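Below: one structure, written as structure tokens.
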Amino acid sequence: MIRSRLHSVPNPILPILTVLLLALTARANAETVELGAPNKPAKPMVVDTTATIAVEQLAPGVYAAKLSYVWTGWVELGDGILVIDTGFNEQGAKALADTIRARSGNLPIRYVVNTHAHQDHTGGDRFFATLGPTFVAHANAAEQIQHFLTWGGEEQEEGDALTHSDVTPPTVKKITKRTSYGGPKRPVQVLSLGRPAHTDGDLVVYLPKQRILFAGDIVSNRAVPWMVDPGMDVDGWLKSLDSLLTPAFKIETLVPGHGEIARPGQQGIAFTNHYLLDAREKAAKSAAYGQNLQQVREWGYLGAYEGLEFYSEVHFLNMRRLYNQAKGIKTPGRKNTHAIKIKRT
């Protein structure tokens, strides 16, 4: 055994080594102490999944609500409430419903408009279904939403509010062009822009009198958009953004699917337009140069967007999809935004 010679150590270091030796000796002789009742396995850690809601009144009777990382909203109609998207799960939906009641009283929930079928925007549908509204979705998204309302998903295996209620899952109303709700005081237009964009089943909600647009995920403002859906079409998406810049829309306030509210609305539209063009151009050049797809985090870097919401989670998935498209490789895409982690508080 090699013995340490403490007398040969310079004096300033001696106290430090003495403390380390004492710590190592204590660790070797320490007993493991388990807290809680004896002979019982430790309980698994419970993750706090409380939803955070930030509400902004955009006009009398018109509200936007950011449910953790997803923008939702509602409009007071003459006979009830029209809700725009329901968030990512039942717990968030319950919080959203409580928030609506706190702001708008006990008006019934008449309509729920799903801007598209991604679960971060529809995950609360089953809870809202217990409140008796009519569900509205694009014809191309209605089947997926209907399936979720009827059968649920993995998180419904043990039952949820709809499972334990006597409510029959509603039939989703399919929109191909437009439909209108409300009266002359607060008219609401639910519109398809006519092209596949973020998905092949996007809707926007427009209040022409208040000049407010709920754009769903067609617009992300200072947040990286999800470009991995199987129905995503960059050209259609760009043309859809162009449609929002025509005289048919006068947008003073734009509520995006993610990111920040844009005032005027052109700011959010311009951000999304620039990202789509920049990402596609970078991916196309890299594909043409023959750069390795597996090195996407090197060639796919876009410094102008680094640090923005979802850059690290989503941007490089987008670049892989666009790279493959530039190579003429058909990819299945992903129907839901599983790459986006639900924020915990």
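Across the stretch 320-332, in residue order, what do the Karplus-derived ³J(HN,Hα) couplings come to in whole Hz, using 6.51 cos²θ - 1.76 cosθ + 1.60 with θ = phi - 60° and x for Gly and Pro?
Listing the rounded values in order: 5, 5, 5, 4, 4, 4, 5, 7, x, 9, 7, 10, x Hz.
State the Cα centre-to-centre distance between the stretch 191-205 and the stretch 72-143 in whole Å.
What the calculation gives is 18 Å, centre to centre.
Which FRET efficiency, nearest 0.05, do A54 and E306 yield, Cβ-Cβ r, R0 25 Å? List each step's numbers first, then the result.
On the way: r = 24 Å, r/R0 = 0.98.
Efficiency computed from Cβ-Cβ geometry: 0.55.
Amide H to amide H, which residues 5 or more places from K173 or on other chains are under 5 Å from it, using H placed in the peptide plane?
For K173, whose amide H was placed from the backbone, the distant partners under 5 Å are F135, V136, A137.
Quick one: go through the stretch 255-282 and flag any residue whose amide nitrogen is under 11 Å from the point 7 Å out along the Cα-to-Cβ line of L245.
Residues 266-267, 269-274 fall inside that zone.
Set the Förster radius R0 to 35 Å, insert the Cβ-Cβ distance between K285 and R263 as r into 1/(1 + (r/R0)^6), and round the FRET efficiency to 0.05. The partial results should precede the final answer.
On the way: r = 34 Å, r/R0 = 0.98.
So the FRET efficiency works out to roughly 0.55.
Apply the Karplus parameterisation 6.51 cos²θ - 1.76 cosθ + 1.60, with θ equal to phi minus 60°, to every residue of the stretch 74-80 and state each ³J(HN,Hα) to the nearest whole Hz, in sequence, with x for glycine and proline.
Residue by residue, the stretch 74-80 yields 7, 10, 7, 9, x, 10, x Hz.
Out of the DSSP beta bridges found with both residues in the stretch 73-130, what percent are antiparallel (nearest 5)? Provide the component values of the computation, followed by the final result.
On the way: 4 of 8 bridges.
So the antiparallel bridges in the stretch 73-130 amount to around 50 percent.
Where only protein heavy atoms count, and the probe is 1.4 Å, what is the accessible area per residue for the stretch 185-265 in Å²? Don't skip to the answer; put the middle values down first.
Values: 2540 Å² over 81 residues.
Heavy-atom SASA per residue in the stretch 185-265 reads 31 Å².
Pairs K185/K250; K185/K239; K173/K239; K285/K327; K94/K250; K250/K282: which exceed 22 Å Cα-Cα? List each step's numbers first, then the result.
Values: K185/K250 17 Å; K185/K239 31 Å; K173/K239 26 Å; K285/K327 10 Å; K94/K250 33 Å; K250/K282 32 Å.
Beyond 22 Å between Cα atoms: K185/K239; K173/K239; K94/K250; K250/K282.
Considering the zone a paramagnetic label at H274 would reach in this model (a point 7 Å from Cα along the Cα-to-Cβ line), which residues of the stretch 198-235 have amide N under 18 Å from it?
Once the point is set 7 Å along Cα→Cβ of H274, 219-226 turn out to lie under 18 Å by backbone N, inside the stretch 198-235.
For the stretch 195-211, just list the computed ³J(HN,Hα) in residue order, Karplus coefficients 6.51, -1.76 and 1.60, θ = phi - 60°, integers in Hz, with x standing in for Gly and Pro.
Along the stretch 195-211, the couplings run 9, x, 9, 4, 9, 8, x, 8, 10, 10, 10, 10, 10, x, 6, 8, 6 Hz.
The values are calculated or read from the model by the stated rules, or taken from the named source; none is laboratory data. A quick note: this is a predicted structure, and the numbers were derived from the prediction, not measured. Every residue, glycine among them, receives a Cβ derived from its backbone with ideal geometry; neighbour counts consider all protein chains shown. Side chains included, ligands, DNA and RNA excluded: accessible areas come from the protein's heavy atoms. Shrake-Rupley method; radii C 1.70, N 1.55, O 1.52, S 1.80 Å.
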